[in-house]
Amino acid sequence: MPIDGLVSGLDTESIITQLMAAEKVPVDLMTARKTTAQSALDAYKSLATKLSAITTASAALERSTGWNVRSATVSDTAVATATASDGATVGGMQFTVDRLATTHGVATATSVASANDVISSSGNITITVGSTAHNISVGTGSLSDVATAINAAGIGVKAAMVNTGSGYRLQLTAATSGGAAAFSVTSGLNGATVVTTQGVDAKLTFGTGPGAYDITSATNTFANVLPGVAITAKAVSTTPVTVDVAADGNALATKVKTLVDAVNSALAEIKTRTAYDPSSKTAASLAGDAATRRTSQSLTRALSDAVSQSALGSPGLAGVSLDRNGNATFDQAKFLDAYGKDPAAVERLFVQGATTTGDVQFLSAGSRALPGPRDVVVTLAATQASQVGMVGQFPLTVPATIRIKMGGTEIVYPASPPASQSDTVAGLQAAIDNAGLALTASVNGGGIKVTSNNYGTGAGFDVDFGSGSYTTATGVDAAGTIDGIAATGVGRQLSIPGSDGTLSGLSVLLTSNATGNVGTVNYEPGLAQRISSAIVAATDSTGGYLVDAQNGRQSRIDTLTSSIDSYNTRLEAREKRLRTQFANLEVVLNKLKQQSSMLTSQLSSGSSSSS
């Protein structure tokens, strides 16, 4: 509440305001530091968004699967079109479109005057789709009721009442195209029906002469004519159409450009956030920030350093380089030229890979794995699960029922006398193959041996060779180290845990049952994987240097906020004390003034009396 200073004549409000402003200087300084820290924190978050886009773009190129992009070209797109999914089989084919798919249609041969006219006096009609007859109750049998009942029956036939201009006809149409959807009205309608369209499959013919062959489809689309390739017929043609499926260099170029653009966007963000304007002597929020500078350096090195696993060696030979201003550039024509000459070399520039020696095959590595040669030491070789039974029982003199369980699948093979050992093995293997189990039956001495095709504990199975009870067969997972770090074994695969900061996720496949030092794996991440790894090093939630810097700024903000709040609380109390003190001053001065007035009055009275 303002103090008026009526007694003292002081401008107490102004005095208190000035006193509090002086005492608030530390708060203002802390608030300024908090604003600076908050600006830096906001800048980190903005940069993190840019880095996330790089992660997405690099993920599309860092593994070989991302390079299996395919395109399909057709010599006459008026006759047919084709699409190829990623990983589709590369190749070509030539065919003619002999027939397009049609949808079967049937209509009543005569018309009726209105939709209320009866066309089924029996109240029921039978429609046969393929070899299945469907009996449908049609209510009053009027055209309207018949159409409604057929549509509600869900038999793959649609009904409509068509106004011909001189009456109404019942039009029935198959819900899907192709010959298998053809149908007929076998009974129930008062009049005859006619086929308006004969439903047939589309047909492509490959080749001419005795060796020619056809393929058909209920629709005009033929899926997986080549694995991953779909053809859509557009028109009948006697002239052969050629379809070529090849690696899609243009699509890959688009992926690379997306990655380069994402890196450029992040570099531009860093330049903006770390800029200094000498004319105004103004620094951006992250000027001089070591973590941001490290991010920029990591990205440019990852984009431009040589890749020894590729015959090209330099990313610049595939169109990826840095200009004099430190901006990433992409020359698409240069990329396509290099890819056309040596697709494998261009791919190896970008993807993670390794050279190996001995009985080791590289599988993959995580984003934090560092490049370099690593020794692979096997302390325990992986084994297959196997079990031997029926020793000395051949040729069979009594029936034997062999049972095998693997996963959720069980097979039962009855072996009958006088089956030989080889006959029983052949029959059992056929049953195994029919069930799709990864097992092999073989002759073993005087009995039969069943062995898992794969290695390790995951390849185990249960077998009963006719005794009535199962015996469990279990494999052993490999054990060992990579560069001295304990690896997890799954079958013949050894993998370093993803939490390891040096070999995170490095995984190899052992190609023999040898133990000891079985070989080496010399890992190299490739350009895209290098960029991805650089982002992980910066943004990983545990140990990422940008995350640590961001957490540091947040901690500073939290500390300053707490200090400011505490100081403001003390300032509020200080202001209250000042106001109380000045108020008390006014009270005291008012009393003194009153006493002064009283004394003056008394003195005046005394002087008058004396006179």
Criterion violated by ARG368 - all others in (1) at pLDDT 95 or above; (2) farther than 21 Å from ILE432 by Cα; (3) among the charged types (D, E, K, R) satisfied
(1)
Output the strands (runs of 3 or more DSSP E) that fall wholly within segment 276-391 and possess 3 or more residues being under 29 Å from the mean Cα position of the chain (by Cα) and in contact (Cβ under 8 Å) with a residue 24 or more places away in the chain, or say none.
328-330, 353-358, 360-364
Filter the strands (runs of 3 or more DSSP E) completely within segment 87-181 down to those with at least 2 residues that are under 23 Å from VAL195 (Cβ atoms) and among the small types (Gly, Ala, Ser).
105-108, 157-163
Check whether at least one residue in segment 511-533 is under 26 Å from the mean Cα position of the chain (by Cα), within 30 Å of LYS34 (Cα to Cα) and hydroxyl-bearing (Ser, Thr, Tyr), and report yes or no.
no
Out of the residues in segment 533-557 meeting the condition of being touching a residue at least 40 places away in the same chain (Cβ under 8 Å) and polar (S, T, N, Q), tell me which one is surrounded by the most Cβ atoms within 10 Å (Cβ to Cβ).
SER533
Within segment 219-231, is there a residue that is on the phi > 0 side of the Ramachandran plot, touching a residue at least 60 places away in the same chain (Cβ under 8 Å) and buried (at least 19 other Cβ atoms within 10 Å of the Cβ)?
yes
Is it the case, given these coordinates, that ILE215 is aliphatic (A, V, I, L, M), assigned to a strand (DSSP E or B), modelled with pLDDT of 95 or more and closer than 30 Å to MET93 by Cβ?
yes
Within segment 120-131, restricting attention to residues that are more than 19 Å from THR148 (Cβ to Cβ) and open to solvent by less than 70 Å² (accessible area, probe 1.4 Å), which residue is modelled with the highest pLDDT?
THR128
Scope segment 558-611; condition open to solvent by 90 Å² or more (accessible area, probe 1.4 Å), basic (Lys, Arg) and either under 30 Å from LYS24 (Cβ atoms) or modelled with pLDDT under 80 (or both); matching residues
ARG570, LYS576, ARG577, LYS593
May I ask you to say which residue of ALA251, ALA223 is among the small types (Gly, Ala, Ser), closer than 30 Å to ALA48 by Cα and not in a loop (DSSP other than H, G, I, E, B)?
ALA251
Checking the condition open to solvent by 30 Å² or more (accessible area, probe 1.4 Å) and over 30 Å from SER237 (Cβ atoms), which residue from ASP201, ASP117 passes?
ASP117
A careful count of residues in segment 444-453 that are surrounded by fewer than 16 Cβ atoms within 10 Å (Cβ to Cβ) and either at pLDDT 95 or above or within 19 Å of ILE411 (Cα to Cα) (or both) gives 1
Matching option when the condition is at pLDDT below 85 and among the acidic types (Asp, Glu), among GLU23, GLU62:
GLU23
Checklist (1) in a helix (DSSP H, G or I); (2) surrounded by fewer than 16 Cβ atoms within 10 Å (Cβ to Cβ) applied to LEU267, failing item
(2)
Of the conditions (1) more than 22 Å from ALA84 (Cβ to Cβ); (2) open to solvent by 40 Å² or more (accessible area, probe 1.4 Å), the single one that PRO240 does not satisfy is (1)
Tell me whether segment 263-271 contains one or more residues that are more than 30 Å from THR216 (Cα to Cα) and of a type in the set (D, E, K, R).
yes
Of the residues THR409, THR397, THR440, which is of a type outside the set (Gly, Ala, Ser) and in contact with a Pro (Cβ under 9 Å, 6 or more places away or on another chain)?
THR397
In contact with a strand residue (DSSP E or B) (Cβ under 7 Å, 6 or more places away or on another chain), modelled with pLDDT of 95 or more and farther than 19 Å from ALA486 by Cα: does that describe GLN384?
yes
Residue satisfying condition, being closer than 25 Å to ILE531 by Cβ and in contact with a strand residue (DSSP E or B) (Cβ under 8 Å, 6 or more places away or on another chain), within set VAL90, VAL79, VAL69, VAL74:
VAL69
Out of all the residues in segment 55-80, which are open to solvent by less than 50 Å² (accessible area, probe 1.4 Å) and touching a Ser or Thr at 6+ places or on another chain (Cβ under 8 Å)?
ALA57, SER58, ALA60, GLU62, ARG70, ALA72, VAL74, VAL79, ALA80
Which condition number in (1) open to solvent by 20 Å² or more (accessible area, probe 1.4 Å); (2) acidic (Asp, Glu); (3) modelled with pLDDT of 95 or more is the one that ASP500 fails?
(3)
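The values are calculated or read from the model by the stated rules, or taken from the named source; none is laboratory data. Just so it is clear, the structure is predicted and the values come from calculations on it, not from any experiment. Backbone-built Cβ (ideal geometry, glycine too); neighbour counts: all protein chains shown. We work out accessible area using only protein heavy atoms, side chains counted, and drop any ligands, DNA or RNA first. Shrake-Rupley method; radii C 1.70, N 1.55, O 1.52, S 1.80 Å.
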